[in-house]
Structure formats: C-alpha cells, structure tokens
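Read through the structure below, which is laid out as structure tokens, and then see the notes.
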Amino acid sequence: MKFLHKLIQLMAFAALLLPLTFGSGPLQAQTYNAAQTPPRIDGFYVDEVKRLSPGVELNFEMDGTPAAQATLRIAGAVRNLTLTEVESGHYTGTYTISSRDKIAAGSAVTANLRLGNQVTSVLLNESLQMGVGVHQTKVAPGPQPQIEHFNVDPAATLVGGSELYFSVFGTPGAQVDLTIAGVRGKVFLPEVKSGEYANTYTLKNRDHVTRNSVVTANMRLGERVSSATLGKPLQSDSAPAALQVNRVCATCGVVESVNLVDVKGEGSYLGTIGGGVVGAILGNQIGQGTGRTVAQIAGAVGGAYAGRALEAKSRSTQHFEVVVRLHNGSAQTVSFATDPGFKVGDKVKVNAGVITRTP
C-alpha cells in the first residue's frame with residue numbers, strides 16, 4: 001500500500017510539470033520567427049530552349065538575399081534543383097531533363113529562398129520553351145488591379161554596378177514585376193507598404209541598358225494583369241555631357257619632355273677576334289725574346305677589348321622619346337626615329353602610339 005501511495009504521488013507531480021514543459025516550446029518558436037527578416041527574391045529567370053527533350057539543359061538564375069539556400073521545383077520533374085550562390089545574392093543552377101521527366105513548356109516553376117526558418121517563394125512567369133505562352137494560375141474573376149504611379153530614380157551612369165530604384169503604387173496584395181529592355185528576365189518588386197512596391201536593380205556588366213530603354217511594370221492578381229510603361233529616362237540629364245567630356249579628354253595631355261636617347265651597341269665576337277689579331281701583330285714589333293712574347297700577349301688582349309669597343313660604338317643608335325603627361329595624371333612615352341618636331345608644353349592627344357596636336 002505504501003508503494004502504491006508513493007506511485008500515485010509521483011504521477012500527480014509529473015502531471016503538474018507536463019503543461020509547463022510543453023507550453024514553453026511554442027513561445028520560444030514564436031519569438032525566433034518574429035526576430036528574423038524574411039529573405040527577398042529580386043529576380044528569377046530561365047534561358048528558354050528550343051525544345052524540351054531528354055538531355056536538354058535548363059539554366060536558371062535568381063537574385064535575392066545573400067547567404068541563403070535557394071532551391072526550385074519544376075512541375076513534372078522527378079527531382080528538385082539546388083541553386084549555387086556564385087556571387088553575393090546571385091544564384092545559378094542547371095537542370096538536365098531526364099527520360100522520366102514530364103516537363104512541358106508551361107510547367108510551373110517555383111523558386112524558394114530559405115534563410116533560417118523563413119522562406120520566400122515566387123513563381124516563374126516565363127515559359128521554358130521559346131514561342132510558348134506563360135503558365136497562369138486560374139482564379140475566380142474579380143476587379144482589375146490598378147497601377148496608379150510608376151517611378152524610377154535615374155542613375156548618373158548606366159554601367160555595371162549602377163543602381164536603379166523603382167517604385168510602383170497601386171492595388172494592395174498584388175505581385176509586381178518589371179521588364180527592362182536590355183536586361184534578362186524580370187525584376188520583382190516586393191510590397192514594402194500596403195499598395196507600395198519598390199526595389200533596387202543593380203546593373204550587371206552583361207546588361208545593355210540605355211537612357212531610353214523601355215521599362216514595363218506588370219501588376220498581377222491571379223490571372224488578372226495590368227501593365228504600365230515608365231515615362232521617364234533611366235539616366236539623369238546632366239550625365240551624358242559629363243561623360244562626353246571624359247571620353248574626349250581621356251587621351252589628351254601636354255608634352256612634358258622631348259629627349260634624345262643614345263642606345264649603346266654591342267660588340268660581337270668578330271670585333272673581338274679582329275682587334276686581338278691586330279693587337280698581336282703590333283705587339284710583335286716591340287722588344288726581343290721573352291719581352292716580345294709578353295708584348296704580343298698584351299697587344300692581343302688590349303686589341304680584343306679595343307676591337308669590341310669600336311664595333312659597339314659603330315653599332316650605337318639614337319632616337320627621340322616624347323613624354324606626354326595626360327590630364328588624368330598618367331604619362332605615356334612615344335619613340336621616334338627622327339626629331340618629331342614637338343616642344344615642351346604642346347597640347348597633344350595620344351592614340352595607339354600616335355601623337356597629334358590638339359587646339
């Protein structure tokens with residue numbers, strides 16, 4: 001009876017501890033979720049192929065939050081694809097179609113970007129095959145989304161690394177993406193506030209964007225789409241003139257010095273031998289007996305050096321070197337066989353080793 005009484009007491013004590021133990025788990029998980037920032041997908045695109053058959057490769061690229069895990073799922077594919085982060089925030093991957101895959105031109109492709117326990121997903125709104133329409137999700141009919149305002153903060157230059165900040169205002173709860181002429185794929189604009197969509201696109205070296213490249217914004221609510229074209233240039237008005245001055249003056253400068261340069265020649269073995277022979281003959285005329293032998297040796301050695309020096313002098317050359325100090329601070333030196341006629345202070349331009357005067 002005592003053992004049974006103790007067992008009942010232990011069971012009652014354990015029942016009191018169970019709610020406390022299991023109740024703490026969800027609270028910790030909720031706090032962790034709230035502290036994390038969801039990852040962001042800025043762009044997702046594919047290289048369309050001519051046909052979808054076994055052995056064909058589908059190349060995908062995605063831009064978004066760096067240091068995350070990127071995967072994608074293709075409807076009809078037997079396996080998922082993991083993308084590799086080749087640059088900060090830029091993920092790529094290739095899916096090779098197998099004989100077991102049932103991939104069609106309009107197969108839905110979903111990209112997932114995971115950071116911690118937060119995941120962001122987007123659906124590819126391009127076709128996998130050239131000339132075939134984009135997959136659309138069917139929903140019940142409803143009001144058409146409205147784009148009220150479409151704007152960009154123009155960049156000073158349109159080169160790799162330049163940033164373009166786009167913003168779209170309109171119907172809340174939609175999906176917004178951009179197509180930029182000269183840029184592969186589409187750029188996604190997340191909803192930063194209710195009805196406000198914004199993102200920054202950083203130009204890549206492979207992009208071919210001009211000041212007046214056409215930019216189209218697409219706002220989607222299910223299968224309903226509204227579009228708007230950007231009505232302002234991508235480059236600020238003051239940039240082209242400044243760039244033109246830089247291009248014209250990049251190779252302009254002033255003559256800093258004009259120098260006559262002596263290039264010392266080199267004597268060959270023929271000059272050495274010839275000089276030695278002449279020296280030995282002259283040494284033979286001096287002294288008698290042992291003295292004559294010494295004179296012959298000395299004359300041969302001295303003649304060899306003299307012969308080599310005379311040949312080297314006969315082979316020496318001269319040329320003119322013009323040093324041009326460019327406006328960017330660097331210097332270029334151009335050689336001329338004869339006097340080029342330039343003077344210190346002349347304003348010139350250097351192009352592929354050719355110097356020309358400028359006004």
Considering only the range 55-100, state which residues are in a strand (DSSP E or B), open to solvent by 70 Å² or more (accessible area, probe 1.4 Å) and touching a residue at least 24 places away in the same chain (Cβ under 8 Å).
57, 69, 73
Taking the range 189-200, which residues are within 19 Å of residue 227 (Cβ to Cβ), part of a strand (DSSP E or B) and open to solvent by 20 Å² or more (accessible area, probe 1.4 Å)?
191, 196
Strands (runs of 3 or more DSSP E) completely within the range 112-188 that count 1 or more residues being modelled with pLDDT of 90 or more, under 15 Å from residue 43 (Cα atoms) and open to solvent by less than 30 Å² (accessible area, probe 1.4 Å):
163-170, 175-180
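Looking at this structure, is residue 45 out of contact with any His (no Cβ under 8 Å at 6 or more places or on another chain), at pLDDT below 85 and under 30 Å from residue 202 (Cβ atoms)?
Working: out of contact with any His (no Cβ under 8 Å at 6 or more places or on another chain): yes; at pLDDT below 85: yes; under 30 Å from residue 202 (Cβ atoms): yes.
It is true that residue 45 is out of contact with any His (no Cβ under 8 Å at 6 or more places or on another chain), at pLDDT below 85 and under 30 Å from residue 202 (Cβ atoms).
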Within the range 341-359, work out how many residues are open to solvent by less than 50 Å² (accessible area, probe 1.4 Å) and either more than 14 Å from residue 256 (Cα to Cα) or of a type in the set (Ser, Thr, Tyr) (or both).
2
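The values are calculated or read from the model by the stated rules, or taken from the named source; none is laboratory data. Keep in mind the model is a prediction, meaning the values are calculated, not measured. Virtual Cβ from ideal backbone geometry, glycine too; neighbours counted across all protein chains shown. Each accessible area value is taken on the protein alone, full model and side chains, heavy atoms only, with ligands, DNA and RNA left out. Shrake-Rupley method; radii C 1.70, N 1.55, O 1.52, S 1.80 Å.
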